[in-house]
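Values quoted throughout were computed directly from the atomic coordinates according to the rules given, and no laboratory measurement underlies them. Note that the coordinates shown come from a computational prediction; the quantities given were computed from them, not determined experimentally. Note that we place each Cβ from the backbone using ideal geometry, even for glycine, and neighbour counts take in every protein chain shown.
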């Protein structure tokens, strides 16, 4: 599926798994609440100390993955056990945001995505806690890709980017 389609999956996913590699080669993945601000920029916030920040300082390369519309089902033509889904994957580089203006813009985007009904409390929350909040920016290094398994109303699997 196209990069545009994959970005929509990222936008609709309640969380995105961010995978990274520790210095000793061990993989480490976390489901995080990310927001996308353009076709290649994602942000999340976290504590100012922790394992993921330690990993990013040594190896900033990450892989993002998300799945939506995940539904176990029976294949309509052959009664096979299967799973309908939409998924996306992207590769990028993580960096800790240092500039306060960008941190606030990122936090606003995060809050608008996840708690839009509470934006009246945003400014006071920023005043209270921005100093103890880290913001991480992930910039995709290439366009993301997507995959899906989905059936149309006639029970035919929709392949090769076919949309209904």
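So here's what we get for this one:
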read-out: Label-point gap, in nm, between residue 85 and residue 129 - each point 7 angstrom along Cα→Cβ; value: 3.2 nm
read-out: Degrees, to the nearest 10: 3-12 long Cα axis against longest axis of the chain; value: 70 degrees
read-out: Tail beyond 21 Å, pair distance distribution of region 3-148 (Cα, percent); value: 49 percent
read-out: Degrees between helix 100-114 axis and first principal axis of the chain (Cα, 0 to 90, nearest 10); value: 40 degrees
read-out: Choice from 114, 44, 91 showing the highest fluctuation, given a GNM over the chain with Cα pairs closer than 10 Å; value: 114
read-out: Distance between modelled label sites at residue 26 and residue 48, nm, 7 Å Cα→Cβ extension; value: 2.7 nm
read-out: Helix-derived mean residue ellipticity, 222 nm - over the chain, DSSP H n ≥ 4, -39500 (n - 2.57), to 500; value: -7500 deg cm²/dmol
read-out: Fully extended contour minus Cα-Cα distance, from residue 96 to residue 158, at 0.36 nm per residue; value: 18.3 nm
read-out: For region 79-157 versus region 11-28, the gap between their alpha-carbon centres in whole angstrom; value: 13 Å
read-out: Alpha-carbon Debye profile of region 62-135, log10 I(q)/I(0) at 0.15, 0.19, 0.25 Å⁻¹; value: -0.72, -0.90, -1.11
read-out: Residue of 43, 28, 151 that the Gaussian network model of the chain assigns the largest fluctuation, springs spanning Cα pairs under 10 Å; value: 151
read-out: Rounded if a/c under 1.5, otherwise prolate or oblate - region 107-162, Cα gyration tensor axes; value: oblate
read-out: Candidates 128, 108, 148, ranked by Gaussian network fluctuation over the chain, Cα under 10 Å, top entry; value: 128
